[in-house]
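Enquirer: So that we are looking at the same thing, I have put the structure below in structure tokens.
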């Protein structure tokens with residue numbers, strides 16, 4: 001085991017391998033507040049990558065309803081129970097990561113292999129509310145809501161310290177130095193399922209017709225062309241911004257991901273306490289009580305919600321960036337906001353998206369003087 | 001909680017293993033010469049061969065996928081970082097070996113006890129399996145029993161109960177994974193399986209590998225080893241067949257009149273055995289190939 005620094009838990013931790021930072025690190029920010037649970041991401045991924053025999057049950061991208069949903073069932077609660085929780089002290093995680101918990105038992109990674117049944121209900125718990133029942137005439141007019149649920153879209157986090165890589169006994173899983181994408185080499189995989197057991201997010205999956213494990217490939221053929229992955233590009237709610245994340249000590253203010261994650265601290269990692277340093281970041285849902293969110297996104301939740309509720313509408317840069325989400329098929333590595341229009345640029349500096357913060361609109365009088373006619377506008 | 005005996009030996013303890021692998025005390029297994037045609041369905045070929053028992057020791061993995069893991073408390077007592085541990089308290093299968101050749105084909109029959117027949121490999125199921133390991137080059141010296149080492153390759157023949165069952169039409173995908181029926185199968189299936197076939201051929205029950213140490217096991221391009229197995233009365237019997245002439249330098253050299261070595265591994269699907277979780281013979285068994293008459 002080697003000491004590595006994990007900025008998400010603000011301390012050093014033990015990891016199986018040296019994990020030098022890749023030249024670039026694949027990352028994305030999802031605004032949960034805008035996710036409508038339409039599953040378009042799930043289906044575009046499914047039709048692109050997992051239509052083969054043995055892949056029927058696989059959803060490399062899935063959307064689950066929290067708190068009750070999970071694919072596979074209870075993937076997160078089961079692991080939280082195993083690592084035994086842990087306190088955060090001013091941004092530093094004082095509990096055990098999955099690597100530290102495992103080291104106590106002479107293992108690489110604390111994990112578990114889900115049962116067949118656990119993969120069988122990808123939409124279990126959909127839209128189920130927490131906090132009691134909704135009564136007739138009930139009106140909720142304060143934040144957070146006493147009754148709530150939210151959608152959590154998930155794919156492989158292409159972690160900086162991947163547990164699937166750590167747990168593979170034959171190094172068939174690897175992290176690409178050029179972009180940080182984590183892949184399973186199908187020619188080396190022996191189907192031992194240690195990556196399935198080791199990944200805390202349960203994104204490697206076993207194919208029972210090829211006898212090998214598979215996982216989200218971050219649509220690398222598209223990413224290599226500077227394009228968004230299928231799930232990012234086809235998001236109906238425009239909740240996703242894909243790009244490259246810099247180390248926390250060298251954020252670039254014109255990089256959309258850096259600005260959201262490092263500068264504004266609006267987007268947070270999913271279960272940072274697992275210790276893998278995941279690279280999909282979430283803007284937490286502002287209607288959900290913070291204790292649950294803190295367990296899922298770490299101690300930055302209150303600050304992120306404060307920024308979202310109080311700063312966004314006074315900050316044209318941040319507001320512009322949020323409007324830029326989902327505005328182009330190209331990955332926007334740089335952005336700018338000028339004259340209330342957000343501009344997105346690809347890696348070559350070409351302008352690929354322009355999004356006005358406020359859409360131009362015209363209010364038409366219901367009486368048209370020129371034609372001496374009334375229009376029955378529907379509000 | 002299951003107890004691992006204090007006498008449990010750490011696999012990674014190379015000193016101990018090199019002592020074990022001197023193997024001088026073991027009686028050799030003889031590949032007997034028979035003047036008969038050797039085929040998979042000819043049971044008579046083994047009549048003249050002596051059944052030799054092979055001692056197996058159970059290996060547990062600390063990161064085992066099932067509930068049968070080495071208890072954390074016990075591994076702590078061993079004061080080791082081992083991921084693989086000889087578990088002398090676990091029941092290991094009783095195995096016998098018989099082997100013959102006719103100058104053209106070698107047949108090796110292994111029989112071992114297993115209370116359950118496990119013929120599935122799916123989301124959370126694990127198959128029974130057996131593997132034989134040989135040095136690729138026959139000599140008086142043996143390579144590392146830990147799947148060989150750099151420059152000292154070993155050849156591994158692995159038979160799989162799931163593939164045997166599939167060949168016999170006893171295996172159905174819908175029984176072993178969810179959401180199978182009525183789902184459209186796209187073109188990517190053929191592309192993926194063309195590139196990375198699950199099995200070398202539809203009829204395969206066996207894989208022929210070369211390895212130079214842990215984590216290096218690699219499928220050979222040519223797959224000259226065939227095997228057939230059946231389960232009856234709590235026992236698996238598997239017969240491996242291969243041409244006595246090897247297909248490539250990565251296959252085991254089996255020369256009539258000469259000696260080589262063999263090691264055996266057995267996986268019990270019921271225990272969720274896969275990878276390093278298995279029962280192994282631990283020491284090289286001397287193998288004598290009778291001269292053709």
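The values are calculated or read from the model by the stated rules, or taken from the named source; none is laboratory data. A quick note: this is a predicted structure, and the numbers were derived from the prediction, not measured. Here Cβ is always computed from backbone atoms with ideal geometry, including for glycine, and neighbour counts include all displayed protein chains.
Enquirer: Do we find a residue being within 14 Å of chain B (Cβ to nearest Cβ) and either closer than 24 Å to residue A:103 by Cα or touching a helix residue (DSSP H, G or I) at 6+ places or on another chain (Cβ under 9 Å) (or both) anywhere in segment A:138-147?
Expert: The first filter runs over segment A:138-147 and keeps only residues within 14 Å of chain B (Cβ to nearest Cβ), leaving none.
Checked segment A:138-147: no residue is within 14 Å of chain B (Cβ to nearest Cβ) and either closer than 24 Å to residue A:103 by Cα or touching a helix residue (DSSP H, G or I) at 6+ places or on another chain (Cβ under 9 Å) (or both).
Enquirer: So for segment A:226-245 (the condition being within 14 Å of chain B (Cβ to nearest Cβ), closer than 30 Å to residue B:193 by Cα and surrounded by fewer than 24 Cβ atoms within 10 Å (Cβ to Cβ)), does at least one residue qualify? Before you say what the answer is, go through the steps one by one.
Expert: First pass over segment A:226-245, keeping only residues within 14 Å of chain B (Cβ to nearest Cβ): A:230.
When the remaining residues are screened for being closer than 30 Å to residue B:193 by Cα, the result is A:230.
Filter again for surrounded by fewer than 24 Cβ atoms within 10 Å (Cβ to Cβ), leaving A:230.
Scanning segment A:226-245 turns up at least one residue that is within 14 Å of chain B (Cβ to nearest Cβ), closer than 30 Å to residue B:193 by Cα and surrounded by fewer than 24 Cβ atoms within 10 Å (Cβ to Cβ).
Every residue, every condition in (1) under 18 Å from the mean Cα position of the chain (by Cα); (2) within 14 Å of chain A (Cβ to nearest Cβ); (3) closer than 27 Å to residue B:103 by Cβ; (4) surrounded by fewer than 18 Cβ atoms within 10 Å (Cβ to Cβ), yes or no:
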| site | (1), (2), (3), (4) |
| --- | --- |
| B:233 | no, no, no, yes |
| B:236 | yes, no, no, no |
| B:249 | no, no, yes, yes |
| B:253 | yes, no, yes, no |
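Enquirer: Residue by residue through segment B:103-117, note down the ones that are touching a helix residue (DSSP H, G or I) at 6+ places or on another chain (Cβ under 9 Å) and either at pLDDT below 95 or assigned to a strand (DSSP E or B) (or both). So that I can check it myself, show each step before the final result.
Expert: First, the residues of segment B:103-117 that are touching a helix residue (DSSP H, G or I) at 6+ places or on another chain (Cβ under 9 Å): B:107, B:109, B:114-117.
Those that are touching a helix residue (DSSP H, G or I) at 6+ places or on another chain (Cβ under 9 Å) and either at pLDDT below 95 or assigned to a strand (DSSP E or B) (or both): B:107, B:109.
Enquirer: Name every residue in segment A:87-98 that is in contact with a strand residue (DSSP E or B) (Cβ under 6 Å, 6 or more places away or on another chain) and either crowded, with 17+ Cβ neighbours inside 10 Å or within 14 Å of chain B (Cβ to nearest Cβ) (or both), in order of residue number.
Expert: Let us first name the residues in segment A:87-98 that are in contact with a strand residue (DSSP E or B) (Cβ under 6 Å, 6 or more places away or on another chain), namely A:92, A:97.
Matches in segment A:87-98: A:97 only.
Enquirer: Given the options A:213, A:187, name the one that is without any contact (Cβ under 8 Å) to a residue 24 or more places away in the chain, within 13 Å of chain B (Cβ to nearest Cβ) and at negative phi.
Expert: Numbers: A:213 fails: without any contact (Cβ under 8 Å) to a residue 24 or more places away in the chain.
Testing whether each residue is without any contact (Cβ under 8 Å) to a residue 24 or more places away in the chain, within 13 Å of chain B (Cβ to nearest Cβ) and at negative phi leaves just A:187.
Enquirer: Taking the condition of being within 7 Å of chain B (Cβ to nearest Cβ) and without any contact (Cβ under 8 Å) to a residue 24 or more places away in the chain, how many residues in segment A:99-114 meet it?
Expert: 4
Enquirer: For the structure I just gave you, tell me whether residue A:137 is free of Cβ contacts under 8 Å to residues at least 24 places away in the same chain, over 21 Å from residue A:231 (Cβ atoms) and crowded, with 17+ Cβ neighbours inside 10 Å.
Expert: Values: free of Cβ contacts under 8 Å to residues at least 24 places away in the same chain: yes; over 21 Å from residue A:231 (Cβ atoms): yes; crowded, with 17+ Cβ neighbours inside 10 Å: no.
No: the conditions fail for residue A:137.
Enquirer: Please pick out the residue among B:165, B:161, B:122, B:190 that is within 16 Å of the chain's Cα centre (by Cα) and closer than 30 Å to residue A:121 by Cα. So that I can check it myself, show each step before the final result.
Expert: On the way: B:165 fails: within 16 Å of the chain's Cα centre (by Cα); B:122 fails: within 16 Å of the chain's Cα centre (by Cα); B:190 fails: within 16 Å of the chain's Cα centre (by Cα).
Sole residue among the options that is within 16 Å of the chain's Cα centre (by Cα) and closer than 30 Å to residue A:121 by Cα: B:161.
Enquirer: Kindly list the number of the only condition in (1) within 12 Å of chain A (Cβ to nearest Cβ); (2) surrounded by 14 or more Cβ atoms within 10 Å (Cβ to Cβ); (3) in a loop (DSSP other than H, G, I, E, B) that fails for residue B:224.
Expert: Among (1) within 12 Å of chain A (Cβ to nearest Cβ); (2) surrounded by 14 or more Cβ atoms within 10 Å (Cβ to Cβ); (3) in a loop (DSSP other than H, G, I, E, B), the lone unmet condition for residue B:224 is (1).
Enquirer: Give me the residue from segment A:49-86 that is in a loop (DSSP other than H, G, I, E, B), touching a residue at least 12 places away in the same chain (Cβ under 8 Å) and more than 14 Å from chain B (Cβ to nearest Cβ) and, out of that set, farthest from residue A:292 (Cα to Cα).
Expert: Among them, the one singled out is A:61.
Enquirer: Which numbered condition in (1) at pLDDT 95 or above; (2) surrounded by fewer than 13 Cβ atoms within 10 Å (Cβ to Cβ); (3) over 30 Å from residue A:221 (Cα atoms) is the only one that residue A:314 fails?
Expert: Unmet condition: (1).
Enquirer: Just need a number here: residues in segment B:175-187 that are under 28 Å from the mean Cα position of the chain (by Cα) and either at positive phi or in a helix (DSSP H, G or I) (or both).
Expert: Within segment B:175-187, the first condition is being under 28 Å from the mean Cα position of the chain (by Cα), and the residues that meet it are B:175-177.
Of the ones still in play, those that are also either at positive phi or in a helix (DSSP H, G or I) (or both) are B:175.
Counting residues in segment B:175-187 that are under 28 Å from the mean Cα position of the chain (by Cα) and either at positive phi or in a helix (DSSP H, G or I) (or both) gives 1.
Enquirer: Quick one: count up the residues across segment A:21-48 that are free of Cβ contacts under 8 Å to residues at least 24 places away in the same chain, over 19 Å from the mean Cα position of the chain (by Cα) and more than 9 Å from chain B (Cβ to nearest Cβ).
Expert: Within segment A:21-48, residues that are free of Cβ contacts under 8 Å to residues at least 24 places away in the same chain, over 19 Å from the mean Cα position of the chain (by Cα) and more than 9 Å from chain B (Cβ to nearest Cβ) number 0.
Enquirer: A follow-up question, please. Going through A:308, A:292 one at a time, which residue ends up being closer than 27 Å to residue A:81 by Cα and either in a strand (DSSP E or B) or not assigned by TED's automatic domain parsing to the domain that holds residue A:27 (or both)? So that I can check it myself, show each step before the final result.
Expert: Working: A:308 fails: closer than 27 Å to residue A:81 by Cα.
Just a single option satisfies the conditions, and that option is A:292.
Enquirer: Same structure, new question: State which residue is nearest to the chain's Cα centre (by Cα) when the search covers only segment B:201-214 and only residues that are crowded, with 16+ Cβ neighbours inside 10 Å and in a loop (DSSP other than H, G, I, E, B). Before the answer, list the steps.
Expert: First, pick out the residues of segment B:201-214 that are crowded, with 16+ Cβ neighbours inside 10 Å: B:204-214.
From what is left, the residues that are in a loop (DSSP other than H, G, I, E, B) are B:204-205, B:212-214.
On the way: B:204: 15, B:205: 12, B:212: 16, B:213: 15, B:214: 15 Å.
This residue is B:205.
Enquirer: I'm told residue B:198 meets every condition in (1) within 7 Å of another protein chain (Cβ to nearest Cβ); (2) assigned to a loop (DSSP other than H, G, I, E, B); (3) more than 26 Å from the chain's Cα centre (by Cα) except one. Can you identify the failing condition by its number?
Expert: With (1) within 7 Å of another protein chain (Cβ to nearest Cβ); (2) assigned to a loop (DSSP other than H, G, I, E, B); (3) more than 26 Å from the chain's Cα centre (by Cα) applied to residue B:198, the lone miss is (3).
Enquirer: Can you tell me which of (1) at pLDDT below 95; (2) out of contact with any strand residue (DSSP E or B) (no Cβ under 8 Å at 6 or more places or on another chain); (3) part of a helix (DSSP H, G or I) is the one residue A:166 doesn't meet?
Expert: So the condition that residue A:166 fails would be (2).
Enquirer: Give me a count of the residues in segment B:126-145 that are within 14 Å of chain A (Cβ to nearest Cβ) and touching a helix residue (DSSP H, G or I) at 6+ places or on another chain (Cβ under 7 Å).
Expert: Step one: filter segment B:126-145 for residues within 14 Å of chain A (Cβ to nearest Cβ), giving B:126-127, B:129, B:131.
The next check asks that each one be touching a helix residue (DSSP H, G or I) at 6+ places or on another chain (Cβ under 7 Å); those that pass are B:126-127, B:129.
Residues in segment B:126-145 being within 14 Å of chain A (Cβ to nearest Cβ) and touching a helix residue (DSSP H, G or I) at 6+ places or on another chain (Cβ under 7 Å): 3 in total.
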